[in-house]
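Visitor: Dumping the structure here so I can ask a few things about it.
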Amino acid sequence: MNAQLQMIPQLQTEPIQPQQNIPRWSPALRIAFRFWMIYLGLFCLATQIITSLFTLTVGAGRNFPDLATLWPLRPVIFWTAAHIFHVNAPLSFFFGGNSGSSDTMFGWVMTFCLLVIATAATVVWSLLDRSRENYAELHKWFRLFLRFALAGQMIAYGFVKVIPIMCPYPSLTRLLQPVGTLSPMGVLWTSTGSSPAYEIFTGLAEAAGGLLLIVPRTATLGALISLADMIQVFMLNLTYDVPLKVFTFHLVLLSCFLLAPDISRLVRFLLLNRATAPSTQAQLFRGVRANRIALAAQIIFGLWLVGVYCHYAWGYWNTRGGGRPLPALYGIWEVKQMSIDEQPRPPLLTDSTRWRRAIFDYPDRMAFQRLDDSFAPYGASVNLPERTLALTKSDDKNWRASFTFQRPTGDQLILDGQMDNHQVHMELQLTDRNSFLLVSRGFHWTQEAALGRY
């Protein structure tokens, strides 16, 4: 009989992980989980955090609006702004358009509404579910969602710095702009953009946090790196008045939520110098095979995020960033002589119609600099074979100016044409871009004196 039984093929079963005996959560812990799950979940759903997992949400690459700008949350925010905060001015949408601002009145009112909704929902949930011992099963799935929610933002903002397009190298116009006319944010963007190596370094730090969040085994380290990154970014936003304070503060909160289950282990290891037990984070499934499939799916999704934002950043770099094609008249051109209707115009500070410089930095636009250092931007179209230059204004669709140009030598330019119903003639001289210390200074290992070199 035993021999016959041995001849029967044995049924192959998948190993089952033992079910953990999860203790009862304290009332305070259960209430805290309910509130933060509702609040952080709503914030992710209402903003670019959720859409960033499936499409571009950075700057001009945005494909979908934030859900807070749609029904049903939008009318709630508008009503609250009008009746609670007595805001009469029109509201700019949270991250609306390409403004990239989370600190609009719409953003602040939205945050208040989410806090109220989360508080009310927590009270109701706590009354209806008082007998629940813990939310371990719900927590592991919500933690998975937040891991990818935070990872999406870290990867998105990381790769637009790894490929330095977020803070571009100072444009020709920015090189001419007096420091005192810059906003605090302009100073931060210029200083960061003038050091691409530093910008790439910060992008790698953010991308590293996002990539580590993708894999469950390295998620705690990823959350730690993300927390350090976002505290730094949040402080920069506060001190340089960058309009992303609300948003980056919530990325700090997401990092803290992910770290909360391991806080005691981290304190024991990092602060008390004591041994600590392995992580008690539960697997998504009881079966080993199911968990392996889930891990593979998470890695594939993480690679999708990397591919999407690498593709976007690289495309922007080659069209609008440092790899863009330069215009035919690229450079800063000093206006040496200028006449209007055949009348010479000397460079007098009181003459608002006399240009000081012409700046060609992008293929489709240019700018004139006045004698008071202000700028007049124009759309520009250069026809090189016909040697013509056509100018337009973004705020006046009917305005046109046209010039013909000559280049007797590589650093000389002559413009003749019609502008504002006047005949204009200009003779210009090309400025050497390397004459700016910010461009030519470079890096030095050995420096005998620092004073006077900044």
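The values are calculated or read from the model by the stated rules, or taken from the named source; none is laboratory data. Treat the numbers as computed from the prediction; the structure is a model and nothing was measured. For neighbour counting, all protein chains shown are included, and Cβ atoms are generated from backbone atoms with ideal geometry for every residue, glycine included. SASA here: full protein model, heavy atoms, side chains in, ligands and nucleic acids out. Shrake-Rupley method; radii C 1.70, N 1.55, O 1.52, S 1.80 Å.
Visitor: Roughly to the nearest percent, how much of the accessible area of the chain is carbon and sulfur, given a 1.4 Å probe? Kindly include the intermediate steps, with their values, before the conclusion.
Guide: Values: 16150 of 25690 Å².
After summing per-atom areas, the C and S share lands at 63 percent.
Visitor: Tell me, which longest segment in the chain has none of the GluC sites (Glu not before Pro) that fall in DSSP loops with at most 13 further Cβ atoms within 10 Å? Don't jump to the answer; show the numbers that get you there.
Guide: Working: sites that count: E133, E342, E386, E448.
So the longest stretch without any such site is 134-341.
Visitor: Return the equivalent ellipsoid semi-axes of the range 297-454 as a descending list in whole Å, where each equals the square root of 5 times an eigenvalue of the C-alpha gyration tensor.
Guide: On the way: eigenvalues 263, 126, 43 Å².
After diagonalising the Cα gyration tensor, the semi-axes are 36, 25, 15 Å.
Visitor: Give the cross-link partners of K245 among the lysines, using a straight C-alpha distance below 25 Å as the criterion and excluding same-chain residues fewer than 8 apart.
Guide: The reachable lysines, counting only those whose Cα sits under 25 Å from K245, are K161.
Visitor: What number, rounded to the nearest 500 deg cm²/dmol, is the helix-based mean residue ellipticity at 222 nm of the chain, given -39500 (n - 2.57) per DSSP H run of at least four residues and division by all its residues?
Guide: My calculation for the chain gives -14500 deg cm²/dmol from helical runs alone.
Visitor: Shifting gears a bit: Would you kindly state the longest site-free stretch of the chain, with sites defined as trypsin sites (Lys or Arg not before Pro) in a DSSP loop (not H, G, I, E, B) surrounded by at most 12 other Cβ atoms within 10 Å?
Guide: Working: sites that count: R24, R130, R274, R441, R453.
Excluding the exposed sites themselves, the longest stretch runs over 275-440.
Visitor: Between (1) 277; (2) 124; (3) 149, which entry matches volume of the Cα convex hull per residue in Å³ as derived from the coordinates of this structure?
Guide: Checked against the structure: label (1).
Visitor: I'd like the distance between the alpha-carbon centres of the range 405-448 and the range 211-226, rounded to an integer number of Å.
Guide: Result: 49 Å between the Cα centres.
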